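Engineer: Below is one structure. I have some questions about it.
Each value in this text was obtained by applying a stated rule to the coordinates, not by laboratory testing. Quick caveat: nothing in here was measured; it's all calculated off a predicted structure. We place every Cβ from the backbone using ideal geometry, glycine too, and count neighbours over all the protein chains shown.
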Amino acid sequence: MPNAATARLAYGGDYNPEQWPEEVWHEDVALMREAGVTLVSLGIFSWARLEPREGEFDFAWLDRVIELLHAAGIGVDLATPTVVPPAWFYRAHPEALPVSREGVRWEFGSRGAICHSSPAYQRAAARITRALGERYGRHPAVEMWHVHNEYGVPVLECYCDTSAADFRRWLRDTYGTLDALNAAWGTAFWGQAYGEWSEIQPPRAAPTTTNPAQRLDFARFASDSALANFRRERDILHELSPGVPVTTNFMVSPTQCDTIDYWAWGREVDIVTNDHYLVAEDDRNHINLSMAADLTRSVGGGKPWLLLEHSTSAVNWQPRGIAKRPGEMARNSLAHVARGSEGAMFFQWRASRAGAEKFHSAMVPHAGTDSRIWREAVDLGAHLGALAGVRGTRTAADVAMVWDWQSWWAQKLEWRPSEDLDTRERAEAFYAALFDRHFTVDFAHPEADLTAHPLAVVPALYLTTARAGENLRRYVEAGGTLVVSYFSGIVDEHDAVHPGPHPGALRDVLGLTVEEFQPLRAGRTVTLDGAAGPLTGDVWAETLRPAGAETVWSYADGPAAGGPAITRHRLGDGTAWYVSCRLGADGLDAVLAAAGADAGLAPRDGLPRDLELVRRDGEGGRYLFAINHADADASFDLPAGTADGAAELLAGAPLTGGRLTVPAGAVRVVRLGG
Ligand code: GAL
């Protein structure tokens, strides 16, 4: 954990001093102290500067930067710069540039152009990592190692011949025999059987759709091959820098990276760190932020994590660089902290004058320190200083949401029953519905134990292994309440349909079968009738056959008219709900209200819609974060029995009668008493 010695929340950002003359470094450090910066990420893009020619190192400048920071009491999250091999490397090893599915070899001149299977890249990355570890591994300023940068973006998969050979090795390790591979990939279809390993290629561009099991395995291979490179660097740093945590910055938001299986990666880092950028156009983009933060915490098993990058204001790579409103940066930062982050870091410290990201906001903007952004950055540093006590506490969640990157990859492949099926969209819709009910979400892998949560939702799980199906059934039998949405439980890990009627892996737990999918024409809707009132669905419907489940809403019209639409199955001590069409916010709210009642979750009615309330509890105390995203003040009662001795930490706000008012756009954090 960074800052272990000083017990501070981390505050700072990516620091790129090589873009500035040395006199600016002194001003930087003085300003960092003014803002309360505790940690900076250093050297992420510095390979060409650190190793200007192969095997020739220049550390003098970095020595000086680290000494300056250290003297000012600022910690360093030191990067291995392996996301940007220098120009000399590519001239010597053009084969290390990645090749697209269509056979285009990407050129040098941007960043992240890496074939993860390239032995030359692996050797060069290990050499610079070792050199950095030897020089700085025991330096007292180095509080954390930052390996690479955002594995998975901008490109992960490489289709070159070296990758092809590596893919074949991965397949041999996975399947052992060609017979097993042919069976798993269903190569009897379209005459694709392989008689020799050497016949197998990556799923390069082909005349029509490629074998989906081959594509799914290639996606797994790509995530694994980058992970092997992370592990190599991590192990070198563990050897040379004992006790210093090693991380790599994730981008868990499905809006931002779709190539990495973060469930697997979360187990490999010493501390999970994440980068998150708002979807600027979205008026309620704080919900996507919360979802990313909850997912980040979950891939780390619920332990505290660290937000390593977000923006003080505009980003430069979205269609419009929309500036954050006053107070929004603090709301964003503190929402991450509420959901488990041990601080708030930014890209970047000082806005660049040149290069691709000069219009990206920074802690020190082009406008300088006489600016709103700078003043808010200074205020945020003070706020984080006041919240040091939350370190080590854990976010308390109410509901589990099942999420699986591999299922998402499989569902996104071509030739599904409707192009309107969208795993990410469903996950975001369910998440928003839970957010609006003021429930905090823990994400879970489909095979993980869910029993800590009374309610578990499965927004879209097209690929459901037999083990996952059993896991969900056991969860319900043991008393859990499960809500499953359509097109889940359909295929196994090889994208083969489970035997028997759909949804093969979930028939038992749901107490029904799907006789026929009924995707709707574009723009069409269906009406659902039920005792709790009518609902509207779109995109999808199904002809269902209950086998134990009761019908709670039925189709009033559309292709499945007269049949069940939303069902409820009592099984063992629990209940499993099934939703067979795409519901909007109102429909999801109605189903979650009913399922929440089954789960015994007390409704949090009467709270303002965009008042975000999140708890962190632990030995350091119990903290309630109240973030008001609305334009009007919001008031609420503190939880029963917590008002005595409670104190508000950011503004010293009064807790009159156990009630707190959060002004429009503001954040309050209460250390609960009682
Ligand atoms: C991140 C990346 C940073 C910077 C930032 C802002 O994805 O790690 O280096 O590019 O986005 O665009």
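Engineer: Sticking with the crude label model, points 7 Å out along Cα→Cβ, report the distance from ARG169 to GLU550 in nm, one decimal please.
Structural biologist: About 5.9 nm, to one decimal.
Engineer: Here is a further query. Which trypsin sites (Lys or Arg not before Pro) from the stretch 83-191 combine a DSSP loop assignment with at most 13 other Cβ atoms within 10 Å?
Structural biologist: Sparse-neighbourhood loop trypsin sites (Lys or Arg not before Pro): ARG138.
Engineer: For GLU34 and ALA71, what is the calculated FRET efficiency with R₀ set at 22 Å and r taken between the beta-carbons, to the nearest 0.05?
Structural biologist: Working from the Cβ atoms, E equals 0.90.
Engineer: Based on the mean of other beta carbon atoms within 10 Å per residue, what is the order of 492-504, 222-234, most packed first?
Structural biologist: 222-234, 492-504
Engineer: Which value in deg cm²/dmol, rounded to the nearest 500, describes the helix-derived mean residue ellipticity at 222 nm for the chain, given -39,500 (n - 2.57) per DSSP H run of n ≥ 4 and division by the residue count?
Structural biologist: Value at 222 nm, helices only, nearest 500: -9500 deg cm²/dmol.
Engineer: OK, next. Show me the ranking of peptides 408-415, 51-58 by mean Cβ neighbours inside 10 Å, starting with the highest.
Structural biologist: Highest mean packing first, the order is 408-415, 51-58.
Engineer: Let me ask something else. How high is the FRET efficiency from ALA561 to ALA531, r the C-beta distance, R0 22 Å, rounded to 0.05?
Structural biologist: 0.75
Engineer: Calculate, axis by axis, the spread of Cα positions in the stretch 526-674 along the three principal axes, and write the results as whole Å, longest axis first.
Structural biologist: For the stretch 526-674, the Cα extents along the three principal axes come out at 59, 38, 22 Å.
Engineer: Multiply the residue gap between SER110 and ASP235 by 0.36 nm, knock off their C-alpha separation, and tell me the result in nm, one decimal place.
Structural biologist: 42.2 nm
Engineer: Can I get the semi-axes of the stretch 221-304's equivalent ellipsoid? Compute them from the C-alpha gyration tensor as square roots of 5 times the eigenvalues, in angstrom, largest first.
Structural biologist: Each semi-axis is the square root of five times an eigenvalue, giving 26, 14, 10 Å.
Engineer: Something else now. How high is the relative contact order of the stretch 399-599, given as a whole-number percent (alpha carbon pairs under 8 Å, six or more residues apart)?
Structural biologist: This gives 20 percent for the stretch 399-599.
Engineer: A follow-up question, please. Could you give me the percent of Cα pairs per 10 Å distance bin for the stretch 150-249, shortest bin first, beginning at zero and ending with the bin that holds the maximum distance?
Structural biologist: Here the calculated profile for the stretch 150-249 is 13, 40, 26, 14, 6, 1.
Engineer: Here is a follow-up. Based only on Cα atoms, what mean projected area does the convex hull of the chain have, in nm²?
Structural biologist: 30.1 nm²
Engineer: Distance between Cα centroids, the stretch 283-323 to the stretch 477-536: provide it in whole Å.
Structural biologist: About 31 Å separates the Cα centre of the stretch 283-323 from the one of the stretch 477-536.
Engineer: Based on a Kirkwood Rh over C-alpha pairs, give the Stokes-Einstein translational diffusion coefficient of the stretch 611-672 at 37 °C and viscosity 0.692 mPa s in µm²/s.
Structural biologist: 284 µm²/s
Engineer: Computed over the Cα atoms, what is the radius of gyration of the stretch 363-404 divided by 2.2 N^0.38 Å, N being its residue count?
Structural biologist: Cα-based Rg divided by the globular estimate yields 1.88.
Engineer: Residue by residue through the stretch 157-166, which ³J(HN,Hα) values in whole Hz follow from phi under the Karplus form 6.51 cos²θ - 1.76 cosθ + 1.60 (θ = phi - 60°), with glycine and proline marked x?
Structural biologist: Coupling constants for the stretch 157-166: 6, 10, 10, 6, 5, 5, 5, 4, 5, 5 Hz.
Engineer: Quick check: residue separation of PHE59 and ASP644 times 0.36 nm, minus the Cα distance between them. What number comes out in nm?
Structural biologist: Contour length minus Cα-Cα distance gives 205.0 nm.
Engineer: With a 10 Å radius around each residue's Cβ, average the other Cβ atoms per peptide and rank 590-601, 331-342, highest first.
Structural biologist: 331-342, 590-601
Engineer: Mean projection of the alpha-carbon convex hull of the stretch 399-599 over all orientations, in nm²?
Structural biologist: With every direction weighted equally, the projected area is 9.6 nm².
Engineer: Which semi-axes, in whole Å and largest first, does the equivalent ellipsoid of the stretch 232-356 have when worked out from the alpha carbon gyration tensor as the square roots of 5 times its eigenvalues?
Structural biologist: Three semi-axes, in Å: 26, 17, 14.
Engineer: Quick one: what are the phi-derived ³J(HN,Hα) couplings along the stretch 84-93, Karplus 6.51/-1.76/1.60 with θ = phi - 60°, whole Hz, x for glycine and proline?
Structural biologist: Calculated HN-Hα couplings, in order: 10, x, x, 4, 4, 5, 6, 5, 6, 9 Hz.
Engineer: If you average 1/r over every pair of different alpha-carbon atoms in the stretch 1-113 and take one over that average, what Kirkwood value in Å do you get?
Structural biologist: Answer for the stretch 1-113: a Kirkwood hydrodynamic radius of 16.0 Å.
Engineer: Right, here's the next one. Percentage of Cα-Cα pair distances in the stretch 431-474 greater than 15 Å, rounded to whole percent?
Structural biologist: Of all Cα-Cα pairs in the stretch 431-474, 45 percent lie more than 15 Å apart.
Engineer: I want to check the label-to-label distance for ALA180 and ALA602. Put each point 7 Å from Cα in the C-beta direction and report it in nm to one decimal.
Structural biologist: Placing both labels 7 Å along Cα→Cβ, they lie 5.2 nm apart.
Engineer: Also, I was wondering about something else. Given H placed on each backbone N at 1.01 Å, which residues far from GLY343 in sequence or on other chains put an amide H within less than 5 Å of it?
Structural biologist: Here the answer is ALA10, LEU307, since their amide H atoms fall under 5 Å of that of GLY343.
Engineer: Tell me which lysines have Cα within less than 18 Å of LYS324's Cα, excluding those fewer than 8 residues away on the same chain?
Structural biologist: Partners found: LYS358.
Engineer: Counting only Cα atoms, I'd like the Rg/Rh figure for the stretch 318-389, Kirkwood definition for Rh.
Structural biologist: When Rh is taken as the Kirkwood radius, the ratio is 0.98.
Engineer: Further question: Counting Lys and Arg as +1 and Asp and Glu as -1, each charge on the Cβ, what is the dipole of the stretch 399-599 about the Cα centre in debye, to the nearest 20?
Structural biologist: So the dipole magnitude of the stretch 399-599 works out to roughly 200 debye.
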